[in-house]
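K.L.:
My structure is below; once you've seen it, I'll send some questions.
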């Protein structure tokens, strides 16, 4: 049996807190290792749902990934994370990042992703360690700041969301873990892990632990699962991919690793934006590049490929209309494979 990464469940601000609780309890009942809560500006804040899930589960790790440093000043991140970790009896995990630039600008900030994340890493780590600190950064500063209570996990690992080469190098130099976002094919993940590990080695630090988010649809009907995955991929492409044909270098790198020629990728985006249904526009290459979908056995086989790429924790977003059923189906196969 090939080795599997740990399996987690990704929740997010698009879900109401009660739905998060139901999904969390399904994940715990089916042998998942963790929950990770992803937050974006102007969606629901994830702290209420994360707190409720901490109370209503006993084993799952409760990850904040990511909390963005513009919606939550680094001092607030330290305060809220430390309180959540108390509630979770030490099961909380922390992931920070700079968020999505266009959304950050909507809430009134000039987006400076590297500087903001670097400042936050310094401030949060030292506050959780119980230090009093004065720090003047490019984006965030503190003066004689210190938590008024002792954090339960003063040396907690801090994960960083990173995609571009400079942010990956920053992650390797300063963070304890790397979070690889949705819509990153395996080839891109391998490249990202290599960059972050090299930067960590240069800084004399251990390699970062690697978490990757990926959409998942696991069903006995392979065809139905892959159709649902196409719908989820189509939604993400239209929501997060830049309009037009001129893309940032990061997006060019993702397409280059997807196995889909750029002209075909451009054409698919245009058709999606014109309202064509994803199951007519997207072929199997998009599913292979950007999701895990099919029978439970198909999904487990795909998970082993992520482990070979350097991913230690694979965090799944169960797409489609029946996530609790799909979690149960996947979980039963996971238990059988581990037996």
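Read-outs throughout are calculated quantities, based only on the coordinates presented, and are distinct from any laboratory measurement. The shown structure was predicted, so the numbers you read here are calculated from the model rather than taken from an experiment. Note that each Cβ is placed from the backbone with ideal geometry, even for glycine, and that neighbours are counted across all protein chains shown.
K.L.:
Assuming 1.567 mPa s and 4 °C, estimate D for the range 104-235 with Stokes-Einstein, Rh taken as the Kirkwood radius over Cα pairs, in µm²/s.
P.N.:
Numbers: Rh = 17.1 Å.
Rounded, D is 76 µm²/s.
K.L.:
Could you work out how far the C-alpha centroid of the range 262-295 sits from that of the range 16-41, in angstrom?
P.N.:
Computed from Cα coordinates, the inter-centre distance equals 27 Å.
K.L.:
Taking the chain as the reference, fit the longest principal axis to its C-alpha atoms, fit the long axis of helix 113-128 to the helix C-alpha atoms, and give the angle between the two in degrees, 0 to 90, nearest 10.
P.N.:
Computed tilt is about 60 degrees.
K.L.:
Order 310-316, 262-268, 129-135 from most to least packed using the mean count of other Cβ atoms within 10 Å. Walk me through the intermediate numbers first.
P.N.:
Numbers: 310-316: 24.0, 262-268: 15.1, 129-135: 12.6.
Result, highest mean first: 310-316, 262-268, 129-135.
K.L.:
Based on alpha-carbon atoms only, what is the radius of gyration of the range 146-210 relative to the globular estimate 2.2 N^0.38 Å?
P.N.:
Ratio of Cα Rg to 2.2 N^0.38 Å: 1.24.
K.L.:
OK, next. Starting from the 7 Å offset along Cα-to-Cβ, what nm value, one decimal, do you get for the label separation of residue 73 and residue 148?
P.N.:
1.4
K.L.:
Indicate the gyration tensor shape class of the range 197-339 (rounded, prolate or oblate), computed on the Cα atoms with a ≥ b ≥ c the square roots of the eigenvalues: a/c under 1.5 is rounded; otherwise a/b larger than b/c is prolate and the rest oblate.
P.N.:
Details: a/c = 2.35, a/b = 1.06, b/c = 2.22.
Taking the square roots of the gyration eigenvalues as a ≥ b ≥ c, the range 197-339 is oblate.
K.L.:
Show log10 I(q)/I(0) for the range 74-182 at q = 0.12, 0.21, 0.22 Å⁻¹, two decimals, from a solvent-free Debye sum over equal Cα scatterers.
P.N.:
With one equal scatterer per Cα and no solvent, log10 I(q)/I(0) is -0.41, -1.18, -1.25.
K.L.:
Okay, next question. Mean-square fluctuation check for the chain, GNM, Cα pairs under 10 Å: which of 149, 140, 290 is largest?
P.N.:
Of 149, 140, 290, the most mobile in the Gaussian network model is 149.
K.L.:
Can I ask one more? For the Cα atoms of the chain, what angle does the longest principal axis make with the long axis of helix 74-87, in degrees from 0 to 90, nearest 10?
P.N.:
Once rounded, the angle reads 80 degrees.
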